[in-house]
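The values are calculated or read from the model by the stated rules, or taken from the named source; none is laboratory data. Here the structure is a predicted model, which is why all the values come from computation and not from measurement. Every residue, glycine among them, receives a Cβ derived from its backbone with ideal geometry; neighbour counts consider all protein chains shown. Remember, those area values only see protein heavy atoms, side chains included, never the ligands or the DNA or RNA. Shrake-Rupley method; radii C 1.70, N 1.55, O 1.52, S 1.80 Å.
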Amino acid sequence: MPSLLELKLRANQKVEQLGLPGEHHEDWLYTQLENISPEIPTAPARPGNHDGADVYLVNGHLVRGELMTLEHMPPTVISKILSLYEREAYDGFSSWNLSQCDTVQVVTAAGTMRLHHHVTTGRHAAHPRLAIIPPARSTTTLYLRLTAEPGESLTNLHLLLIAENNTKLNLVLEQDLAVTASSVVTLHAIAEKDARIEVTDLQLSGKVTRLTFLGELTGAGAHLALHGLLLGYDARHSDSTASIRHLSSHTTSKETYYSILNNASSSAFTGHIYVERNAQQVDAQQLNRSLLLGDAARAFSRPQLEINADDVKCSHGASVGRLDPTALFYLRSRGISQAEARQILIEAFAHEILAGIADLDIRKSVESNVKFHLQDVAHG
Amino acid sequence: MLEIRNLHAEVDGKPILKGIHLKLAAGETHAIMGPNGSGKSTLSQVIAGREDYTVTQGEIIYNGRNILELSVEERAREGIFIAFQYPTAIPGVNNMQFLRTAVNAIRKHRGEKELNSGDFLKEARYAMQQLDMNPEFIKRAVNDGFSGGEKKKNEILQMYMLKPRLVILDETDSGLDIDALQDVSRAVNQFRSPERSFLVVTHYQRLLDYIKPDHIHVLFDGRIVKSGGPELALELEQSGYDEIKAAAVL
Ligand SMILES: Nc1ncnc2c1ncn2[C@@H]1O[C@H](COP(=O)(O)OP(=O)(O)O)[C@@H](O)[C@H]1O
Ligand SMILES: [Mg+2]
């Protein structure tokens with residue numbers, strides 16, 4: 001087993017050789033991160049005023065709250081995490097993060113935790129790296145909010161979620177940056193036997209925001225849900241490129257992505273589903289719906305199915321539409337103004353994703369952030 | 001209250017209403033009957049202000065004012081209400097929040113202060129009880145997964161809460177069993193007053209046993225071809241619309 005330092009060195013070499021993926025790479029076709037290259041300096045440590053989160057990080061550094069670092073973990077946990085890092089396929093952003101991250105912050109406690117990562121203004125990149133590995137048979141809910149001040153910064157986050165035997169792990173991930181800042185989140189989630197992972201991916205604001213998701217179902221009874229809400233206005237782009245790998249029989253997954261786009265904004269959802277040879281009794285569902293409010297807005301949807309077993313239920317659906325004129329008329333016929341009727345219908349569309357957040361306090365926080373940005377989306 | 005003069009309307013260049021004349025005084029209830037496709041729903045929705053229909057000629061005078069220039073929501077705020085033949089389901093929009101938003105939009109227009117949620121709920125519960133409606137419906141999404149009868153009751157609940165001056169009931173009886181028909185009719189009859197007028201659109205005579213009209217108009221091919229007293233409904237019941245169709249062709 002290579003040490004963290006060895007993995008960092010290797011990652012650094014790879015980044016020097018291969019650079020960051022761009023348009024020429026199929027999975028990055030729609031994510032245009034202009035002016036972002038590995039030459040960009042790493043954001044400096046800064047103090048910060050936390051906003052009530054349990055854990056507050058600024059530019060990749062822990063400012064408030066308690067997180068363990070990898071070297072303080074028991075050897076079995078260290079080797080589990082490092083071996084997962086080692087076998088991750090090469091991805092420029094992930095490797096760049098590994099080469100630059102200060103340390104690996106580890107969450108091992110069960111329960112509910114609010115984390116906030118903030119990037120200060122400047123042309124720099126932050127490379128936080130977190131591993132979440134709660135105790136087996138526990139329930140854990142994390143709300144991780146990413147913010148950035150105005151400036152051409154990049155938040156380049158790497159997250160590892162490990163749900164062991166019978167563990168329930170919920171993550172609400174919110175990308176809510178200033179309109180000039182960008183973020184790329186690489187999320188590697190592993191659901192072992194009878195484990196349930198539920199991820200809600202909220203991309204609300206930022207020049208370019210992206211989730212690169214790799215989900216693996218490795219034991220019977222494992223379930224993985226990935227729900228996303230992608231909001232767009234101005235020329236903003238949001239992207240979710242998700243690969244879900246059913247590596248065991250009796251596993252289920254569900255992906256639901258909704259986009260709401262105005263002006264010249266765009267979103268892309270790439271949903272790759274892989275079913276291992278002879279992984280039977282698999283159920284994989286995928287749904288992607290887009291609501292276009294502006295004439296120049298565009299939604300890209302790419303389902304990719306790769307199924308190597310025969311007893312598999314797999315469904316996918318995609319739709320792109322506009323606000324339902326009949327519903328608008330109905331609301332207005334009761335005295336509700338056109339603007340308010342639009343707002344009501346747009347919020348209802350978004351609500352279908354938010355309703356899936358089980359923790360009511362977290363849902364409330366998210367709802368108010370979403371509502372705030374939906375005003376920009378609705379008015380264009 | 002309402003006067004329609006020589007109203008012509010079309011959709012996608014196809015004429016549907018071909019010169020409607022109608023006068024409805026405050027406190028009166030008129031029935032509009034006619035076979036399927038004669039233009040009853042079109043007339044109802046043109047009065048409500050649906051933009052899919054283009055009015056090519058004529059006027060709709062409501063309380064002394066031509067309302068053709070008013071938007072849908074302005075007409076609603078002025079007191080025009082239509083109970084739709086096919087109420088729209090709106091998934092994700094809570095019935096109570098929707099109705100409260102509507103009530104307060106209309107109250108604001110009238111210069112009244114907003115109804116707080118306690119008072120609103122009290123009134124809504126009472127109305128639902130009158131309609132024999134399951135109180136759970138107020139918590140669900142607007143018309144989403146409602147049966148035909150539940151949707152129609154939900155329309156009448158909205159009428160009750162919004163307190164309009166002119167009510168158009170477009171085939172409110174269709175899809176209702178006899179109990180529901182009685183519940184709805186009772187609620188409508190309680191709502192009748194000297195200041196309110198009703199336009200009851202129906203295909204069948206059945207509803208008019210419960211909601212007694214002052215006048216009946218028969219609509220055929222976009223025109224009112226016959227008007228008369230309540231006895232006209234019985235005539236139609238016996239002879240059907242064939243006679244009227246035959247007469248219109250001549
Ligand atoms: N939105 C529309 N687009 C096209 N045709 C319509 C539309 N609405 C009504 N029509 C046509 O107008 C005629 C009258 O319809 P409608 O008003 O619904 O009749 P009724 O309610 O009396 O059954 C029918 O021929 C119908 O097909
Ligand atoms: Mg009709």
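For the stretch A:336-354, the set of residues classified as assigned to a helix (DSSP H, G or I) and of a type in the set (S, T, N, Q) consists of A:Gln338, A:Gln343, listed by residue number. Here B:Phe98 passes the criteria (1) open to solvent by 50 Å² or more (accessible area, probe 1.4 Å); (2) over 20 Å from B:Val201 (Cα atoms); (3) more than 18 Å from the chain's Cα centre (by Cα) except the one numbered (1).
Within the stretch B:202-219, being open to solvent by 40 Å² or more (accessible area, probe 1.4 Å) and either on the phi > 0 side of the Ramachandran plot or part of a strand (DSSP E or B) (or both) holds for one residue alone: B:His215.
I'm checking my understanding of the structure. Among residues of the stretch A:131-190 that are part of a loop (DSSP other than H, G, I, E, B) and in contact with a strand residue (DSSP E or B) (Cβ under 6 Å, 6 or more places away or on another chain), which one is nearest to A:Ser365 (Cα to Cα)?
Pass one, the stretch A:131-190, residues part of a loop (DSSP other than H, G, I, E, B): A:133-138, A:149-153, A:164-167, A:177-181.
After this cut, where a residue has to be in contact with a strand residue (DSSP E or B) (Cβ under 6 Å, 6 or more places away or on another chain) as well, the list is A:133-134, A:153, A:177-178, A:181.
Values: A:Ile133: 25, A:Pro134: 24, A:Ser153: 25, A:Leu177: 16, A:Ala178: 18, A:Ala181: 22 Å.
Once the filter is applied, the top-ranked residue is A:Leu177.
Residue by residue through the stretch B:1-15, note down the ones that are surrounded by fewer than 20 Cβ atoms within 10 Å (Cβ to Cβ), within 16 Å of ligand 1 (Cβ to nearest atom) and away from chain A (no Cβ under 14 Å). Of everything in the stretch B:1-15, those that are surrounded by fewer than 20 Cβ atoms within 10 Å (Cβ to Cβ), within 16 Å of ligand 1 (Cβ to nearest atom) and away from chain A (no Cβ under 14 Å) turn out to be B:His8, B:Glu10, B:Asp12, B:Gly13, B:Lys14, B:Pro15.
One residue alone among A:Ala225, A:Ala264, A:Ala235, A:Ala242 is over 15 Å from A:Lys193 (Cβ atoms) and touching a residue at least 60 places away in the same chain (Cβ under 8 Å), and that residue is A:Ala225. If the condition is being touching a residue at least 24 places away in the same chain (Cβ under 8 Å) and either over 19 Å from A:Gly271 (Cα atoms) or surrounded by fewer than 12 Cβ atoms within 10 Å (Cβ to Cβ) (or both), then the stretch A:318-330 contributes A:Ser319, A:Gly321, A:Arg322, A:Leu323. You will find that of B:Gly58, B:Gly79, B:Gly34, the residue that is at positive phi, within 15 Å of ligand 1 (Cβ to nearest atom) and surrounded by 16 or more Cβ atoms within 10 Å (Cβ to Cβ) is B:Gly34 and no other. Taking the conditions exactly as written (part of a loop (DSSP other than H, G, I, E, B) and either among the small types (Gly, Ala, Ser) or free of Cβ contacts under 8 Å to residues at least 12 places away in the same chain (or both)), does A:Glu34 satisfy them or not? The answer is yes for A:Glu34. Selection of the stretch B:76-91 for residues being more than 16 Å from ligand 2 (Cβ to nearest atom) and within 17 Å of B:Tyr160 (Cα to Cα) yields B:Ala76, B:Arg77, B:Glu78, B:Gly79, B:Ile80, B:Phe81.
Would you be able to tell me the number of residues in the stretch B:51-71 that are within 14 Å of another protein chain (Cβ to nearest Cβ) and in contact (Cβ under 8 Å) with a residue 60 or more places away in the chain? Before the answer, list the steps.
Taking the stretch B:51-71 as the starting set, the residues that turn out to be within 14 Å of another protein chain (Cβ to nearest Cβ) are B:51-53, B:67, B:70-71.
Still in the running and in contact (Cβ under 8 Å) with a residue 60 or more places away in the chain: none.
The total comes to 0.
Considering the stretch B:212-235, the residues that are in contact with a strand residue (DSSP E or B) (Cβ under 6 Å, 6 or more places away or on another chain) and aliphatic (A, V, I, L, M) include one that is nearest to B:Leu7 (Cα to Cα), namely B:Ile224. For the stretch B:170-204, which residues satisfy the criterion of being touching a helix residue (DSSP H, G or I) at 6+ places or on another chain (Cβ under 8 Å), modelled with pLDDT of 95 or more and either away from ligand 1 (no atom under 16 Å from the Cβ) or within 14 Å of chain A (Cβ to nearest Cβ) (or both)? Selection gives B:Asp170, B:Phe198. Listed conditions (1) facing another protein chain (nearest Cβ under 8 Å); (2) crowded, with 23+ Cβ neighbours inside 10 Å; (3) aliphatic (A, V, I, L, M) are all met by B:Ala48, apart from (2). For the stretch A:350-379, give me each residue that is modelled with pLDDT of 95 or more, over 10 Å from A:Leu231 (Cβ atoms) and open to solvent by less than 20 Å² (accessible area, probe 1.4 Å). Within the stretch A:350-379, A:Ile353, A:Leu354, A:Ile357, A:Ile362, A:Val366 meet the criteria.
In the stretch A:207-303, counting only strands (runs of 3 or more DSSP E) that sit wholly within it, the ones holding 3 or more residues that are open to solvent by 30 Å² or more (accessible area, probe 1.4 Å) and farther than 30 Å from A:Glu149 by Cβ span A:282-292. Among the conditions (1) among the acidic types (Asp, Glu); (2) over 23 Å from A:Leu146 (Cα atoms); (3) surrounded by fewer than 13 Cβ atoms within 10 Å (Cβ to Cβ), the only one that A:Glu88 does not satisfy is (3).
Residues are listed down the side, and each one gets a yes or a no for (1) within 7 Å of chain B (Cβ to nearest Cβ); (2) more than 24 Å from A:Leu204 (Cα to Cα):
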site: A:Ile307; (1), (2): no, yes
site: A:Ser315; (1), (2): no, yes
site: A:Ala318; (1), (2): no, no
site: A:Arg332; (1), (2): yes, yes
site: A:Ala339; (1), (2): no, no
site: A:Arg342; (1), (2): no, no
site: A:Glu347; (1), (2): no, no
site: A:Glu352; (1), (2): yes, no
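Evaluating B:Lys108 against the criteria (1) in contact (Cβ under 8 Å) with a residue 12 or more places away in the chain; (2) within 25 Å of B:Ser197 (Cα to Cα); (3) within 13 Å of another protein chain (Cβ to nearest Cβ) leaves one unmet condition, (1).
Taking the listed residues B:Pro91, B:Pro87, the one that is closer than 24 Å to B:Gly149 by Cβ, at the interface with chain A (Cβ under 8 Å from one of its Cβ atoms) and within 15 Å of ligand 1 (Cβ to nearest atom) is B:Pro87, with no other qualifying.
Hey, does the stretch A:98-106 have a residue that's assigned to a strand (DSSP E or B) and over 17 Å from A:Thr218 (Cβ atoms)?
Within the stretch A:98-106, the first condition is being assigned to a strand (DSSP E or B), and the residues that meet it are A:105-106.
Applying the additional criterion that residues be over 17 Å from A:Thr218 (Cβ atoms) yields A:105-106.
Scanning the stretch A:98-106 turns up at least one residue that is assigned to a strand (DSSP E or B) and over 17 Å from A:Thr218 (Cβ atoms).
Of everything in the stretch B:144-169 that is away from chain A (no Cβ under 14 Å) and more than 15 Å from B:Phe81 (Cα to Cα), the residue that is farthest from ligand 1 (Cβ to nearest atom) is B:Gly145. Only one entry of A:Glu149, A:Glu164 meets the criterion of being touching a residue at least 24 places away in the same chain (Cβ under 8 Å), in contact with a Ser or Thr (Cβ under 6 Å, 6 or more places away or on another chain) and of a type outside the set (Val, Ile, Thr), and that entry is A:Glu149.
Total residues in the stretch B:80-104 satisfying the condition of being farther than 16 Å from B:Leu115 by Cβ and in contact with a Phe, Trp or Tyr (Cβ under 8 Å, 6 or more places away or on another chain): the figure is 7.
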